[in-house]
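Please read the structure below before turning to the comments.
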């Protein structure tokens, strides 16, 4: 049978309750006015009615009245910190809980009453975990005394202690925090509960896996549940999962408990806890989020939303003007319908919203015939984003456009063509590449001889052109970069320059990540009226497609756009009542409309230089990545296993075959219905590494997503970085998880030797997927798994070699390993992921740029070198959806096209709203249906009951469902 747990929050104050009853002697109450509760506020009235009519349906109740300070002392939570529960000598109760609660405990002995210890925020929880100045001793001593005194006052009523310790962050050693919390709970059980015959219940944040999400790692279920009491039993008798704040006041609108999320939480509960001990949290409240301004969402009770839906509240009353006078907004009282949400069984209400769109109603716009913005799904919800920026090039003062060669000679090849649709429209650019002369092997003479015709000569491309006026102009090349190391030498009237050569563009040049046709800024050159540009041998299959001579150039890096067809119409409200019939009249129409996006933004990320998700290699027919130029093998004659090359094969080459850094066979696999795309290696017999074939000179940020096979107990896997010599293995630094030793290691390897620089206890589970990270800045290395820092090797330590130069990638030994993502970025530049723009009537309104003391470079990156550009600036970008106004414009009626541009990559757009700038919002509320769903999941997973936060806010119909 399902059991209901709830808590005190909405009970009447002592001043209110004295109208209803008073205590004439201990435990005996005189009713003064049995109807007094009907005049209390909504929450208090509903709270009291629930107990009067439905107390027999409440199984357990937490008295949310005992606050815990950082020093361990306990105070009256409702009255405040200045009201300690105990007397100065700790012999008696100075401040009891409110009279109304004492009345209920006296009158309803069938309910299991618990004393709930409330300790919120890092400033209080962390000193308690660390036992600063013996805070735990103070807490245990006072808790036991309070419990004894309450049990004496309320015989056979108080059944348990409830621990409600909450904070929304985990320190770098979060597994140690979880162990400290476990040990504190064990102390409470051993030193308070067992001696007094009480049960111990603990409230836990909703988690979906071991140490997931990272900000709640300190309450890791598996760790907390491992505590044993002095009798050898599990210390915790009941667990209450606070699964009622997926969407909170600081997020965008949404249900408190989406069902897909609840399922993830309960899957984890089923794996690590005994479900029969678990209460499943559900919200009896809702929230209303402002859409016309960025503001914290506010609690809305069920009885409040019913009145709102019936047009009894205005959305926003008004504001005080500069003269101190309150001015009412001209906003009508309008009734609204509530919509059922399939994802949660909540109801949502749109208040003064004049148009709204989910992402499936957006038109995705291409740029230069390319898809630059994408619609995707995460946790069952659609969103739109640009994964990276593209170039919206801007030219000023164009003097010449060269879209085809004048002549070519020697070994040249025709390449791709490009007709930009949105930049230099009307021109088609023709691509070419110049190559070294081809030499054929003459077996009879044992010599290399040039091929016949053009192939036997080094290639050259020529662009000859005139200008009306000589001068210094900027030269922009139209290029195609297909690989890691493109290189195109040019000569402009005898002045040499190499496109793609190190030093001519930064390491974080974005077109290494997204290689394709683009405009390359070669700089300023002197031009006469008659000019020639000569193009030499192109390396790595790079191509030249032409040139533009102009006065100024901007890359114009930006994300993609979506388009909405907005239609605004007036709404209707109740009019006069005539002969019992209510007329409807047109409501006042807003003067201005605010355009709002439901957006997920992120803090600036290190500028990405290389990212591989491996799936495209399968489509290219590649069976071993170590055979590609991306990840070249250390052995230039390396052949994949099972091959049998002709030992007599001889060939002529213009330059020596290069060596790379990778070792072993790495096979890419495409995504399936159950597995993402990845690359696989079997390293059980020898260590292997997959390293990008390029040495970088910068402060690196490296991420790899790895999974070792669950049966490979000797697994060692992680990141190889700063490999300093092509053609050799076992060089540079490694950060690995070593399951043989049960440790994380940071090592330096060279010439067959290995030096351990730092280590930490291993907290990973074989068979699970983890994100390994290495961050370098100067002589400072941070090693992380997910967002948890496991090794910090600061600049005060000894470094065998500079950690800011070399090649980077994946390392593995003793296991079958899958890598799902390899990313190389730099901490020397940061890419903002925050700005969006609304384009209305041809005017672009850029919004949501954070104010920082840094400039932007020509590619749109923040000019900052370090670990965190927002540290110390007071900038907090939530890694969650928020409803963020973009622009306010004069209103209109009828249709209008509005475009939303992701000015930055990495911004997710989920919903789009247009509404009254004087106030519009969306409210989500739980009701009977959502409660039934929570109960269904509780029973499906075999859990103990439903924990409802909290009585007084609920849809009263839930009591018709509870047995």
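Quick notes on this structure:
- Centre separation in Å (Cα based) which lies between segment 827-881 and segment 763-801: 26 Å
- Size of segment 758-849 as Cα extents on the principal axes (Å, biggest first): 61, 36, 24
- Protection-proxy order for peptides 849-855, 521-527, each taking the mean of Cβ atoms within 10 Å per residue, highest first: 521-527, 849-855
- Option label - mean projected area of the Cα convex hull in nm² computed here, alternatives (i) 54.5; (ii) 50.4; (iii) 48.2: (ii)
- Cα centroids of segment 125-186 and segment 34-99: 19 Å apart.
- Global form of segment 356-420, assessed from the alpha-carbon gyration tensor, a/c cut-off 1.5: prolate
- Rounded to the nearest angstrom and listed largest first, the equivalent-ellipsoid semi-axes of segment 393-555 from its Cα gyration tensor are 30, 18, 14.
- The shape of segment 199-245 comes out oblate: with a ≥ b ≥ c from the C-alpha gyration tensor, a/c is at least 1.5 while a/b does not beat b/c.
- Relative contact order (percent, whole number), segment 393-555, Cα cutoff 8 Å, 6+ residue spacing: 36 percent
- Nearest 10 degrees, 0 to 90: helix 42-54 Cα axis against the chain principal axis: 60 degrees
- Its Cα gyration tensor gives segment 3-242 an equivalent ellipsoid. The semi-axes, each the square root of 5 times an eigenvalue, are 32, 19, 17 Å from largest down.
- Shape call, segment 249-309: gyration tensor on alpha carbons, a/c limit 1.5: prolate
- For segment 28-90, the Cα-based Rg and Dmax, in that order, read 16.2, 43 Å.
- Estimated from helices alone, the mean residue ellipticity of the chain at 222 nm is -3500 deg cm²/dmol (sum of -39500 (n - 2.57) over DSSP H runs with n ≥ 4, per residue).
- Helix 259-272 axis versus longest C-alpha principal axis of the chain: approximately 80°, rounded to the nearest ten.
- Among 615-624, 784-793, 201-210, the peptide with the highest mean count of other Cβ atoms within 10 Å heads the list, and the full ranking is 201-210, 784-793, 615-624.
- Rounded Å value of the spacing that divides the Cα centres of segment 229-265 and segment 361-406: 41 Å
- Over segment 153-214, Cα pairs under 8 Å with separation of 6+ residues give a relative contact order of 51 percent.
- For segment 559-605, diffusion coefficient by Stokes-Einstein and Kirkwood Rh (Cα), 37 °C, 0.692 mPa s, µm²/s: 213 µm²/s
- Calculated FRET value between residue 298 and residue 19, using beta carbons and R₀ = 25 Å, to 0.05: 0.30
- Rounded tilt (10° steps) of 174-188 against the dominant C-alpha axis of the chain: 10 degrees
- Over all Cα atoms in segment 685-787, the spread is summed up by Rg and Dmax: 13.4, 39 Å.
- Relative packing of 108-121, 946-959, 435-448, which averages over residues the other C-beta atoms within 10 Å, highest first: 946-959, 108-121, 435-448
- Here the contact order of the chain, divided by its residue count and restricted to Cα pairs under 8 Å and six or more residues apart, works out to 16 percent.
Quick note: the coordinates plus some simple rules give every number you see, no bench work behind them. Worth saying up front: this structure is predicted, and the values here are computed from it rather than measured. Glycine gets a Cβ as well: all are built from the backbone with ideal geometry, and neighbour counts include every protein chain shown.
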